[in-house]
1. Report the residue count in the range 45-61 for those that are modelled with pLDDT under 90, over 11 Å from the mean Cα position of the chain (by Cα) and within 16 Å of Phe101 (Cα to Cα).
2. Among the residues of the range 74-112, write down those that are outside any strand (DSSP E or B) and closer than 30 Å to Met2 by Cβ.
3. Quick check on the range 31-41. Is at least one of its residues in the same structural domain as Ile99 (by TED's automatic domain parsing) and within 11 Å of the chain's Cα centre (by Cα)?
4. Pairs please, first residue from the range 22-44 and within 13 Å of Tyr88 (Cα to Cα), second anywhere and among the hydrophobic types (A, V, I, L, M, F, W, C) and assigned to a loop (DSSP other than H, G, I, E, B), Cβ atoms under 8 Å, 6+ apart in sequence or on different chains.
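The values are calculated or read from the model by the stated rules, or taken from the named source; none is laboratory data. All figures in this text were calculated on a predicted structure; none of them were measured in a lab. As a convention, Cβ positions derive from the backbone with ideal geometry for all residues, glycine included, and neighbour counts pool all protein chains shown.
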Amino acid sequence: MMVTEAPRFARLRQMLRDKHVVERAGGTVRLRCRADAVPPPSVVWIKDGRLLVTSSRWTADGDDVVDGDDAGFVLRLSSVTADDAGLYTCRVFNDAGHINFTYTVQVTGLSLSPHPVCFCTPSSCSCQLLIAFHGPVHLFVCLSVSLSVAKMRKRDFLNN
């Protein structure tokens, strides 16, 4: 007969203390979800109700070493932007049961939209870049640049 034990958080007090995370744009956030269970548990991460898929900026590590020999589940968000703000839930589970814990992540500071938005016609192009400051007061600035295609062609011709 195999003994099973439902997951339980190993560092619940620390998790409750760190439940609200505030990080500057461009920084790294680490969310820990250490749990013990028999058999060993698995974990999935959910942001704002949607399952997270590992990417180059979001990685989940089931074998990360935290505080010495204590292996735990950690979600790392690198180069955070305002889009990374939200509710992050870890769901830890095994055959005996499951538990959830939710972190609130807030991103402050200056952030840029990842790509300018450009609209072009045969005679001109107009590009916009959104610059935002996130903090106690949210400020959004839209930088817009327009150039005529004729002037761009003339400038390229003169520079060659």
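1. 1
2. Step one: of the range 74-112, the residues outside any strand (DSSP E or B) are 78-85, 95-96.
If the condition is that a residue be outside any strand (DSSP E or B) and closer than 30 Å to Met2 by Cβ, then Asp95, Ala96 are the ones that fit.
3. Residues of the range 31-41 that are in the same structural domain as Ile99 (by TED's automatic domain parsing), as a first pass: 31-41.
Going one step further and asking which of them are within 11 Å of the chain's Cα centre (by Cα), we end up with 31.
Yes, the range 31-41 has at least one match.
4. Val29/Val80; Val43/Cys33; Val44/Leu52
Residue-wise test of (1) surrounded by 12 or more Cβ atoms within 10 Å (Cβ to Cβ); (2) modelled with pLDDT under 95.
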position	(1), (2)
Leu75	yes, yes
Val80	yes, yes
Asp83	no, yes
Thr89	yes, no
His98	yes, no
Thr108	yes, yes
Pro114	no, yes
Ser123	no, yes
